[in-house]
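The values are calculated or read from the model by the stated rules, or taken from the named source; none is laboratory data. Just so you know, these numbers come straight off a predicted model, no measurement behind them. Only protein heavy atoms, including side chains, enter the accessible area calculation; ligands, DNA and RNA are left aside. Shrake-Rupley method; radii C 1.70, N 1.55, O 1.52, S 1.80 Å.
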Amino acid sequence: KTTLPRFTESSHWSGVPVEDSKPDLSESLLRPMEAVASCIRMNWACLLIGPPSSGKSTLLKTIAGACNVHIETLAMTSSTDVTELIGCFEQTDSLGTAKRVIETIRHIYHGVCVFNNVDGELVQKINHHYWCMSKEILKMKDKDDKSSMTRNKTLSFAIENLLECFEAVSALRSEFSRNFSDQILMCQQWLGSLKKKSSSTNNQSPFKWVDGVLVQAMEKGYWLHLENVNFCPSSVLDRLNPLMEFGGELVMTECGIADDEQNAKPRVIKPHPNFRLFLSMNPNSHGEVSRAMRNRCIEVYMLPTKLGSN
């Protein structure tokens, strides 16, 4: 039998409580589920092969729910480009940065709710400032106000206080600090850049690199399911070959070169220890996966079943 850990106090929490009831699964999915669980335990890339409605997506969602891990699913098509996986340069403005700050703060707040033995007064402060932030966001939506977040003093004050409270929790709980310290630092940097933009007279919107779903999953420790990979051009999937090697990593030459102590180096993404990659395909449809990709995966075949979905 294969056992997997269930995350309860980590940033990889899916946001949905794990149900105690047993999942409604067909018996035909039990053996492939054990094989997939073994791949997860050994950190091997897994390729699920089966016809439509054989339970490929259902199997992965069930395991992710049991482990309380967030899983992202990306449906591949013949027009899928490598930028959808890795990312690209986009023209950004202050509104997009403000949305990322708020989304990240909400993610950290949900993480605080999962942790136990946090000081009661500190939790009350966090809940109060989070309520103030949510109330101001609703006001901005009702008024259709798309002004800078830093111009709303009440909202900016609530976010700054929340970040201070999150830092206090990090000082008290080492596990919380390991999981959320990087996200707290990013929010502080984003908030600082918003203040500079609001005080600057230059209103030009710069182009900024935005990470794709693969890079985000690698950094945050999510699971990623690439569905119908045989529809995708082989040149796109072959971009992942270095990542799927033993101790592999992703070299981001597309986002430019960063200067580090006078040595120009490309950005290198090392996968989070909890990151897992899954691929699935329908062998009866058009398209095939390259030999190099199949050699780097453990293939699990699925038999047709009435329960589950593709």
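Points worth noting:
- Flag for residue 174 being open to solvent by 60 Å² or more (accessible area, probe 1.4 Å), modelled with pLDDT of 80 or more, under 21 Å from residue 220 (Cα atoms) and not charged (D, E, K, R): yes
Every residue, every condition in (1) modelled with pLDDT of 80 or more; (2) open to solvent by 40 Å² or more (accessible area, probe 1.4 Å), yes or no:
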site: 81; (1), (2): yes, yes
site: 94; (1), (2): no, no
site: 98; (1), (2): no, no
site: 102; (1), (2): yes, no
site: 106; (1), (2): yes, yes
site: 115; (1), (2): no, no
site: 124; (1), (2): yes, yes
site: 132; (1), (2): yes, no
site: 167; (1), (2): yes, yes
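- Filter result for residue 41 (open to solvent by 40 Å² or more (accessible area, probe 1.4 Å), assigned to a helix (DSSP H, G or I) and at pLDDT 90 or above): yes
- Filtering segment 60-74 to residues that are open to solvent by 40 Å² or more (accessible area, probe 1.4 Å) and either among the small types (Gly, Ala, Ser) or part of a strand (DSSP E or B) (or both) leaves 66, 72, 73.
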